[in-house]
Amino acid sequence: MIINSITLKNFRSYEDETTFSFTPKDNKNITLIGGENGAGKSTLFEAIKLCIYGPTTYGYLGENYNYLTKIKNNINDNAFKSKNIECYINLNLSFKEGTQIKQYHLKRSWTYEHKKIHENFIVSLNNKILDDEGKLYFDKYLKSIIPPSLFDFFFFDGEDLSDFFTGKSANSNLKESILQLFNYDTFDVLKKQLLSHQRLESKSIKKLEEARNNFEQLSISSDTIQNEIQNLKNTVISNEEILENLIIKRTRIEEDFKNSGGLLESEKASLNSQITKLENERVDINQYIKEFCNDTLPFLLVTNTLKEMKIQIHKEETLNSYNNVKDKLSGSIIKRSLSKHNLDSNKSDDIYNEVAVTILSDMFDTDDLKNVSNILELSQEQKNLISFTTNKILEKENSYAPKIHTKFKRISQIAAQLKILREQLNSTISEDLLNKYLESIHYINEEINNVQNDIAVTKSNIEQKLDSLKNTEYHLTRAKNTYTNLLQTSNILDMSSSIILYLDELLNNLTRNKIQLIQDEFIKIFSKIIRKTNYVNSIIIDDNFNSTLYINKYYSTTELLNIIKNLGFEELVKKYGSKFLEDLYTHYSVKNNKDLEEKITNDILGSINLSTKVNITDFSNGEKQIYILCLIWAIIKSSGVEIPFIIDTPYARIDETHRNALSNNYLPNISKQVIILSTNKEIDKELYKVVKPYVCDEYLLLYNTKLRKTEVKNGYFEV
C-alpha cells in the first residue's frame, strides 16, 4: 500500500485547498514535512486516518451525534462565512494485487443542509466510482490490510510512542500487531465467531454467566460471613476467657480481703438484709401479741361467761320466735285454713283455739320458755357479730396458749440472732486496707463490665450474621440450582470452548517460529542502532506476548547462592527474568529448585554465564523510543508487509548520536514509504544533510496567525 497524495480543504487550519504528494521517487522513500508546533502537522496525521476510517477514527461505530459534533468542530471557522460550506479530505492510494497496481481515490466530504451537517464518502477504483456493495468490499479489503487497531502501529506520534509497547497494554498491542501482520488474526476472528455462535445458539449463555457470577458471589459472600462468624465466636471465646480470669481475680481479692477480717459488699448487704428481715419479723410478732392482748385475751379470761351468753342469746331468739308465732296463730286462722281444704270447720271456736295452743306446744318447749327473760335484747346485727366472735374464740380456745408461747420464744431467738449479726457487721479492718480493696474491686468490676458488654455486643453481631448467613445460604441454594440447570443445557458451549482452547494452542504453535524470527531481527537491528557494546544480548517474547530484554553476565556460585538466599526463587525470576532460571536449569541439568540449589552449593568454584533481565523501565526516554522503533521494524521486516510508515516527532527524546543512526539505517529501510512530520529542532541543519539523500518530497507548514490558517510551501526549513 502506498499513499500517493492527500488534499484538504477547510479542515481545521487548512482553509485553502492544499495537496501533499507522498509518492516515492528514484529509490527515495521519505517525504519530509516540517513545521513549528501548532502549524498543522498533527492535523495532517489525523486527516489521513479520518479519510480512511471515518467515525472509527474517534471510536464511534457510525455517524452519530457525537461524531458529527466532532466533525463540526474540525471545519475551519472561515468556511461558515461562505454561502455554501465545503469541507473535504481526498486520499489517493495504490495497492499491489498480484502483478497489478490498483489506484483508489477516497473522498470524505461534509456539507450543511438545513443547519445540519451531512457526510458523504466516495470511493473510486481506476477513476470509476464504486457502488455501496463495492465500497463495502473495499472497506473490508482495506481493514484486512491495515485494520484500525494497527493504524497506530504504522502511523504514530513519537512523543506518545513509549506507551505503545511499554505501557499497560504493551503485551496486547504486541499480540494484536503480530497476529494481524502475519495474517494469524483469522484464528482470532474464528474464535470470536465461535463465541458469537455460542451467543446465537444459546440465549442462556448470558444467563449462565449471570448465574455463575451470582453463584460465585453468593458463595464468596457465604464464606465471608462464615469467616466473620467464626472470628466473632473466637472473639467471644477470648473475651470469655478474659472474663473468667477477671472473675477469678476478683474472687481472689475478695477472699484475701475476707481473710484479713473484712466484709465483702455482698456479705454486708446480706447481713443488713437479714437484720432488716429479723427486725421486721419481730415488729410483726409484737404487733400480733399486742392485738391478741387487746382483742382476744379479754374474752379468753371469761370463756364461761361467753358460753352462757351464747346460750342466753339462743334462748332469747327462741322466746322471740314463740311470741311472734303466738301473736299470729289463733283459732280463727286454724278454722280458715281447714275450710280452704274442705275439712270440717263446724266446730266451736274453743276447739280451734285449743288446736292453736297445741301447735305452739309442739313447736316450742313452753315450760322452759316460762323461765326465760329478755335480758340482752340484741339486734340481729349485734347477735351475728357476737356469735361470730364467740364461736371464733371458743373454737381456738386451746390453741391460743401454745401459739403465744411460740411467739415469745421466737422473739428471744430473734434478739439472739440480731446480736450475732450486728457483731459481725460491726467488726472492722484498717482504713487503708479497706480503701485498697474498694479501689481494686471498683477497677476490676469496670473491666468485667466492659468485657461483658463486649461479649453481649459480639453475640448480638453473631446473631445478626447468622440471620444474614441463613438468608445468603437460602439464595445460594437457589442460585446453585439455577446454575446447575443452565449448565445441563450448555454442552454445545463446552464443545465450542474446547475448540477455542485448541485455537489458542494452535495460535501459539504458529506464532512460535515467527516470534523467534522477530527476536533475532530485533537483536540485529537494536545492536546496530543503539551502538553500545554488549548492551542487550537477547529478547524473549513469551506466550502472553510480554517482551523481556536480556544481557549475558557471569556469576560465581557464591553470588548465585546469595541471590537465592536473599530473594528466593520466585523473586529471583521477577528480578533477573525467567530465562535466568532456565539457563541455570540447563547448565546443571536439573528440573526443580531444590536440586538446583544443591548443585550450586556443591559447585564451589563455579562461574556461569547467564541471561540477565534488563529492565526497560530503567531505560532513558530516548532508549525506550529506540527500543520500540527497533521492535516495530523487526515485526515489519519479519512479516514482509508493505505499508506506509508515518511518524510525527520522530526524534523526540533521542540524542544526536542515535538520531544519525536512525536517519541512516532506520528510516530509509523500515518501509518503501516513510512520511516524517518534524520541527526544525528535531531535524536540524546537520540531520537534514543526513536525511536529504532519501527525501523524495519536502514541505514546510507555516501558520498565518493573522488569517488563522495553515499555508504550505515546497521545501524544508532554511537550514
Gain in length, LYS392 to LEU125, computed as 0.36 nm per residue apart minus the alpha-carbon separation, to one decimal in nm? 82.4 nm
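I'm checking a number: the convex hull volume of the Cα atoms of region 62-106, normalised per residue, in Å³. What is it?
103 Å³
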Footprinting exposure proxy for VAL536, VAL690, VAL123 (fewest neighbouring C-beta atoms within 10 Å first): VAL690, VAL536, VAL123
The set of residues whose placed amide H lies less than 5 Å from the amide H of PHE645, leaving out same-chain residues fewer than 5 positions away, is GLN673, VAL674, ILE675
Give me Rg over Rh for region 603-688, both radii from the alpha carbons and Rh done the Kirkwood way, two decimal places. 1.14
Mind giving me the FRET efficiency for ASP368 and SER273? R0 is 56 Å, r the Cβ-Cβ distance, nearest 0.05 is fine. 0.30
Compute for region 469-566: radius of gyration divided by Kirkwood radius, i.e. Rg/Rh, restricted to C-alpha atoms, rounded to two decimals. 1.31
Determine, for each peptide in 570-581, 502-513, the mean count of other beta carbons within 10 angstrom over its residues, then list the peptides with the highest first. 570-581, 502-513
Taking Cα centroids, how far is region 687-718 from region 272-327 in Å? 140 Å
Per residue, the convex hull volume that the Cα atoms of region 213-341 enclose (Å³): 348 Å³
Suppose the chain between LYS328 and GLN217 were pulled fully straight at 0.36 nm per residue; how much longer would it get relative to their current alpha carbon spacing? 29.3 nm
Calculate I(q)/I(0) for region 4-53 by the Debye formula, one identical point scatterer on each C-alpha and no solvent, and give its log10 at q = 0.13 Å⁻¹ to two decimals. -0.34
Residues whose modelled amide H sits under 5 Å from the amide H of ASN537, counting only those 5 or more places away in sequence or on another chain, are TYR550, ILE551, ASN552
How large, in Å, is region 283-411 by the Kirkwood hydrodynamic radius built from its alpha-carbon pairs? 18.8 Å
Listed highest first by mean packing, meaning other Cβ atoms within 10 Å per residue, what order do 585-597, 634-646 come in? 634-646, 585-597
Selection from TYR53, ALA456, SER321 lying farthest towards where the dipole of the chain points positive, charges on Cβ: TYR53
Note, region 536-543: 3J(HN,Hα) by Karplus (6.51, -1.76, 1.60, θ = phi - 60°), whole Hz, Gly/Pro = x, goes 9, 9, 7, 10, 10, 10, 7, 5
What is the mean projected area of the alpha carbon convex hull for region 1-146, to one decimal in square nanometres? 10.4 nm²
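What length, rounded to one decimal in nm, is gained on full extension from ILE351 through to ILE441, with 0.36 nm per residue of separation minus their alpha-carbon distance? Before the final figure, lay out the partial values.
Values: separation 90, 0.36 × 90 = 32.40 nm, distance 10.49 nm.
Roughly 21.9 nm would be gained on extension.
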To one decimal place, what Kirkwood hydrodynamic radius in Å is obtained for region 516-575 from all pairs of distinct Cα atoms? 13.5 Å
Efficiency by 1/(1 + (r/R0)^6): what FRET value for GLU113 and ASP139, r their Cβ-Cβ distance, R0 = 35 Å, to the nearest 0.05? 0.90
Between SER379 and LYS409, what is the label-to-label distance in nm when each label sits 7 Å out along the Cα-to-Cβ direction? 4.5 nm
Which residues does a label at ASP16 reach in region 683-719, if reach means a backbone N under 17 Å from a point 7 Å past the Cα toward the Cβ? 699-716
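Please give the charge dipole size of region 283-411, origin at the Cα centre, charges +1 on K and R Cβ atoms and -1 on D and E Cβ atoms. Round to the nearest 20 debye.
On the way: 18 positive and 19 negative charges, 137 e Å.
I would put it at about 660 debye.
Based on the Cα atoms of region 346-425, what semi-axes does the equivalent ellipsoid have, where each is the square root of 5 times one gyration tensor eigenvalue, given in whole Å with the largest first?
63, 12, 10
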Dipole axis of region 590-719 (+1 Lys, Arg; -1 Asp, Glu on Cβ), positive-most option in SER639, LEU702, ILE616: LEU702
List, in order, the whole-Hz ³J(HN,Hα) value for each residue of region 349-357 obtained from phi through the Karplus relation with A = 6.51, B = -1.76, C = 1.60 and θ = phi - 60°; use x for Gly and Pro. 5, 5, 5, 5, 5, 5, 4, 5, 5
Determine the dipole magnitude for the chain: charges of +1 sit on the beta-carbon of Lys and Arg, -1 on that of Asp and Glu, nothing else is charged, the reference point is the Cα centre, and the result goes in debye to the nearest 20. 2420 debye
Sorted from largest down, give the three principal axis spans of the alpha carbons of region 512-714, whole angstrom values. 78, 31, 28
Assuming R0 = 51 Å, what is the FRET efficiency of LYS681 and SER589, from their Cβ-Cβ distance, to the nearest 0.05? 0.35
So what is the diffusion coefficient of the chain in µm² per second by Stokes-Einstein at 10 °C and 1.306 mPa s, using a Kirkwood Rh over Cα pairs? 40 µm²/s
SER556 versus HIS341, label points 7 Å from Cα toward the beta carbon: distance in nm? 15.2 nm
Which of TYR588, LEU677, ASN391, positive extreme of dipole for the chain (C-beta unit charges): LEU677
For labels at ASN471 and ASN231 in the simple 7 Å Cα→Cβ model, what's the distance in nm? 2.0 nm
For the chain, calculated [θ]222 nm from helices alone, where every DSSP H run of n ≥ 4 adds -39500 (n - 2.57): -20500 deg cm²/dmol
Which order do the peptides 272-278, 354-360 take when ranked by the mean count of other beta-carbon atoms within 10 Å per residue, highest first? 354-360, 272-278
Sum of side-chain charges, TYR550 neighbourhood, beta-carbon under 13 Å (Lys, Arg +1; Asp, Glu -1): +1
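A short reminder: the numbers here are calculations on the coordinates, not readings from a lab. The structure presented is a predicted model; accordingly, all values stated were derived computationally and were not measured. So basically every Cβ, Gly included, is an ideal-geometry build from the backbone, and we count neighbours across all protein chains shown.
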